[in-house]
Amino acid sequence: MKPLPPLRKVIAQHGLSASKALGQNFLLDGQLLARIARVPGDLNGERVYEVGPGPGGLTRALLEAGAKVVAVERDRRCYPPLHELAAVSDGRLRLIEGDAMNVDEAAEAGVGAHIVANLPYNVGTALLVRWLSGEAWPPWWKSLTLMFQQEVAQRIVASPDSAAYGRLAVLAQWRSLPRLAMKVHRSAFVPPPKVMSAVVHIQPKPAPSGVSPATMARVTASAFGQRRKMLRRSLQSVPGALSALERLGIDAERRAETLTVEEYVALARMLDGSNSNQDTES
Ligand code: SAM
């Protein structure tokens with residue numbers, strides 16, 4: 001790619017003062033951005049879907065890694081610098097001008113694309129839940145590399161019996177492998193947010209057989225909706241859940257946060273009417 005002006009200059013030239021409402025905290029350190037772009041592995045020739053390119057720092061790193069990028073940005077002030085970047089990208093950057101919540105991502109980015117984003121905090125969790133909740137599995141995306149507030153990242157990778165363990169951990173772990181790829185100090189952002197951040201990398205794994213995502217969602221919503229209560233109480237609104245616990249030998253006096261992801265899968269499978277204990281690739 002042709003040399004580009006420094007990101008600070010791009011921000012100044014286009015008057016991109018950070019908007020809190022749009023969750024704007026920009027990354028300008030080229031080395032850090034290159035490290036993030038390496039998290040999904042070798043992106044040379046791979047397709048990437050990016051949410052919220054802003055002034056284009058991460059987008060530059062993804063293009064420099066050889067990726068073909070489809071990026072969706074809501075802030076129209078960012079369109080001129082992103083069009084300038086697209087112009088020197090040899091056709092490898094396409095900008096969607098709009099709200100990521102309304103994009104048909106699989107159609108725009110194509111099946112098999114990686115998702116890489118420094119997510120706006122206001123829609124970050126909602127997008128993650130959408131990407132992890134699809135009925136079809138494996139999903140349309142190949143991997144997720146996402147920057148979150150560190151507290152959210154910890155909830156994604158949390159183990160049972162920890163304060164961070166909850167619905168998000170079960171959702172992220174029952175048919176995916178999440179890992180904390182790197183922590184990012186708040187001082188790396190312009191402006192610096194109040195809290196630390198972390199990049200999470202998530203890869204899909206084979207889905208357990210005989211379990212529907214809807215049942216997993218229903219069971220975990222009820223269980224963690226009253227996480228301090230015993231399962232006997234928190235799951236009483238889920239038809240068949242108490243007898244399923246008994247048949248599985250799970251003590252109904254336990255609390256939601258003590259059940260492993262595998263125990264939630266077994267519970268949902270029994271509710272879905274299958275006694276199969278075998279996990280098979282879907
Ligand atoms: N990728 C840039 C970086 O790393 O410096 C900017 C990241 S900033 C945390 C989040 C970006 O998401 C901002 O550019 C913001 O305008 C954009 N954004 C916020 N809400 C959005 C939405 N609903 N759809 C698309 N982009 C959005």
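Worth pointing out:
- Paramagnetic reach from Asp161 in region 248-263 [backbone N under 13 Å; point 7 Å along Cα→Cβ]: 255, 257-260
- The calculated FRET efficiency for Glu151 paired with Val111, based on their beta-carbon distance and R0 = 35 Å, is about 0.65.
- For the peptides 29-36, 15-22, 78-85, 44-51, residues were scored by their other Cβ atoms within 10 Å and the scores averaged per peptide; the highest-first order is 44-51, 78-85, 29-36, 15-22.
- The phi torsions of region 201-217, fed into the Karplus equation with coefficients 6.51, -1.76 and 1.60 and a -60° offset, translate into couplings of 10, 10, 10, x, 10, x, 6, x, 6, x, 10, 8, x, 5, 5, 4, 5 Hz, rounded to whole numbers, with Gly and Pro shown as x.
- Evaluated on region 1-74, the Kirkwood hydrodynamic radius is 12.9 Å, with distances taken between all distinct Cα atoms.
- The Cβ shell under 12 Å around Tyr121 holds other residues with a net charge of +1, Lys and Arg each +1, Asp and Glu each -1.
- Note on region 213-281: Cα-only Rg and Dmax are 11.1, 35 Å.
- A crude spin-label estimate for the pair Gln226 and Lys9, with each label 7 Å from Cα along the Cβ direction, gives 6.2 nm.
- Local electrostatic count at Arg255 - Lys and Arg +1, Asp and Glu -1, tallied over other residues with Cβ under 13 Å: +1
- Computed over region 7-204, the Cα gyration tensor eigenvalues convert (square root of 5λ each) into semi-axes of 25, 20, 15 Å, ordered from largest to smallest.
- A quarter of the convex hull surface defined by the alpha-carbon atoms of region 201-245 gives 4.3 nm² as the mean projection.
- Taking the Cα centre of the chain as reference, the dipole from Cβ charges on Lys and Arg (+1) and Asp and Glu (-1) amounts to some 760 debye.
- Protein heavy-atom accessible surface, 1.4 Å probe, per residue over the chain: 47 Å².
- Just the protein heavy atoms count here, and of the accessible area of region 98-210 at 1.4 Å, carbon and sulfur take up 56 percent.
The values are calculated or read from the model by the stated rules, or taken from the named source; none is laboratory data. As the structure is a computational prediction, the values presented were derived from the model and not from experiment. Note that each Cβ is placed from the backbone with ideal geometry, even for glycine, and that neighbours are counted across all protein chains shown. Side chains are part of the model used for accessible areas, which takes the heavy atoms of the whole protein and leaves out ligands, DNA and RNA. Shrake-Rupley method; radii C 1.70, N 1.55, O 1.52, S 1.80 Å.
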